[in-house]
Ligand SMILES: [Zn+2]
């Protein structure tokens, strides 16, 4: 989830636009092998918004299956693909839905799987929200690393972006720029001095479990926890949100500073935003080779950018 705060604090009414740009040369494609887990793993925890305890299992899946959720607590165990077409709501977390089956706060787990190059995974859960755990993706990354991975026969295609694409909302934006290598960059700017103006950039050397970039995601991005502003907590709770949020699983800040230090990084909030961006853009299936750049954005803007990219790749 993207800080309890950012959307309410910073986003004016959403007016998404895509600006016209000059046509660029035809895109080329990068190819690589697909991967899945060697074996499954299970973790349990409460959901950030629901506050309910959910048990979640991540299992190997066939080549070409993609990453998908299965609500094993519902009749006929409906499947929910981790794709843009499943996105239902993006208020303070990303929620997927197929029919009446939904799963919320998918972004941290999906970021871990995508950044570690796990293309195919069956994610079973017995509730409607992915456990928040410590508010970061660290537990998921460690679980994937412990489970191990295996290359699959089928190749994946990483399309190259043909031209820049961006979406805006007030002074917030999210953009994708053609680039020689995949990179994610994020900026935030809060009036609270404990947060202030922060930037972070991360580039995997390749989206493969064996790549050096996977290690740096584990070290530099995955441990960053979600965050919020103390003065917004009560209002959100009264709206039925963040019922599972606490000082144990979210950094909370007020005008005088952090309520629950120490931070894991001096710029932990923006690293978490980058984590959210990776998770939301993973709904594209494969990341196009591009430099993704977001500033003061939200799940809503991340998903809006992904939708524009998907259209451009058709
Ligand atoms: Zn988040």
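Only one of (1) at negative phi; (2) outside any helix (DSSP H, G or I) fails for residue 240. Which number is that?
Exception for residue 240: condition (1).
In the stretch 182-193, what residues are at pLDDT below 95 and touching a strand residue (DSSP E or B) at 6+ places or on another chain (Cβ under 7 Å)?
Of all residues in the stretch 182-193, those at pLDDT below 95 come to 182-183, 191-193.
Scanning the stretch 182-193 gives 182, 183, 192.
Taking residue 222 as the residue in question, decide whether it is surrounded by 23 or more Cβ atoms within 10 Å (Cβ to Cβ), within 16 Å of the ligand (Cβ to nearest atom), modelled with pLDDT under 95 and on the phi < 0 side of the Ramachandran plot. So that I can check it myself, show each step before the final result.
Details: surrounded by 23 or more Cβ atoms within 10 Å (Cβ to Cβ): yes; within 16 Å of the ligand (Cβ to nearest atom): yes; modelled with pLDDT under 95: no; on the phi < 0 side of the Ramachandran plot: yes.
Judged against the criteria, residue 222 is not a match.
State which residue pairs qualify: first residue on the phi > 0 side of the Ramachandran plot and inside the stretch 263-286, second residue more than 12 Å from the ligand (Cβ to nearest atom) in any location, beta carbons under 7 Å apart, and separation of 6 or more residues or different chains.
285/66; 285/83
This table checks each residue for (1) within 16 Å of the ligand (Cβ to nearest atom); (2) under 22 Å from residue 115 (Cβ atoms); (3) over 17 Å from the mean Cα position of the chain (by Cα).
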{"residue": "248", "(1), (2), (3)": "yes, no, yes"}
{"residue": "257", "(1), (2), (3)": "no, no, yes"}
{"residue": "268", "(1), (2), (3)": "yes, yes, no"}
{"residue": "274", "(1), (2), (3)": "yes, yes, no"}
{"residue": "282", "(1), (2), (3)": "yes, yes, no"}
{"residue": "286", "(1), (2), (3)": "no, yes, no"}
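Residue 91 versus (1) touching a helix residue (DSSP H, G or I) at 6+ places or on another chain (Cβ under 8 Å); (2) buried (at least 20 other Cβ atoms within 10 Å of the Cβ); (3) over 22 Å from residue 218 (Cα atoms): which is the lone unmet condition?
With (1) touching a helix residue (DSSP H, G or I) at 6+ places or on another chain (Cβ under 8 Å); (2) buried (at least 20 other Cβ atoms within 10 Å of the Cβ); (3) over 22 Å from residue 218 (Cα atoms) applied to residue 91, the lone miss is (2).
Scan (1) more than 16 Å from the ligand (Cβ to nearest atom); (2) farther than 30 Å from residue 178 by Cα for the single condition residue 252 breaks and write down its number.
Result: residue 252 passes all but (1).
Take the conditions assigned to a loop (DSSP other than H, G, I, E, B), touching a strand residue (DSSP E or B) at 6+ places or on another chain (Cβ under 8 Å), modelled with pLDDT of 95 or more and more than 16 Å from the ligand (Cβ to nearest atom) and apply them to residue 74. Does it pass? Break it down stepwise before answering.
Values: assigned to a loop (DSSP other than H, G, I, E, B): yes; touching a strand residue (DSSP E or B) at 6+ places or on another chain (Cβ under 8 Å): yes; modelled with pLDDT of 95 or more: yes; more than 16 Å from the ligand (Cβ to nearest atom): yes.
So residue 74 passes the test.
Among the residues of the stretch 104-128 satisfying the criterion of being out of contact with any helix residue (DSSP H, G or I) (no Cβ under 9 Å at 6 or more places or on another chain) and away from the ligand (no atom under 15 Å from the Cβ), which is farthest from residue 273 (Cα to Cα)?
We begin by selecting, within the stretch 104-128, every residue out of contact with any helix residue (DSSP H, G or I) (no Cβ under 9 Å at 6 or more places or on another chain); these are 104-105, 120, 122, 124-128.
This time we only want the ones that are away from the ligand (no atom under 15 Å from the Cβ), so: 120, 122, 124-128.
Numbers: 120: 24, 122: 25, 124: 26, 125: 25, 126: 27, 127: 25, 128: 23 Å.
This residue is 126.
So is residue 15 at pLDDT below 80, assigned to a loop (DSSP other than H, G, I, E, B) and within 16 Å of the ligand (Cβ to nearest atom) or not? Explain how you work it out, then say what you get.
Values: at pLDDT below 80: yes; assigned to a loop (DSSP other than H, G, I, E, B): yes; within 16 Å of the ligand (Cβ to nearest atom): no.
No; evaluated as a whole, the condition is false for this residue.
For the stretch 129-147, does any single residue satisfy the condition of being assigned to a strand (DSSP E or B), within 16 Å of the ligand (Cβ to nearest atom) and closer than 23 Å to residue 236 by Cα? Step through it out loud before you land on a result.
If we filter the stretch 129-147 for residues that are assigned to a strand (DSSP E or B), which is where we start, we get 129.
Next, only the ones that are within 16 Å of the ligand (Cβ to nearest atom) stay: 129.
Those left that are additionally closer than 23 Å to residue 236 by Cα: 129.
Scanning the stretch 129-147 turns up at least one residue that is assigned to a strand (DSSP E or B), within 16 Å of the ligand (Cβ to nearest atom) and closer than 23 Å to residue 236 by Cα.
The values are calculated or read from the model by the stated rules, or taken from the named source; none is laboratory data. Quick caveat: nothing in here was measured; it's all calculated off a predicted structure. All Cβ positions, glycine included, derive from the backbone under ideal geometry; neighbour counts span all protein chains shown.
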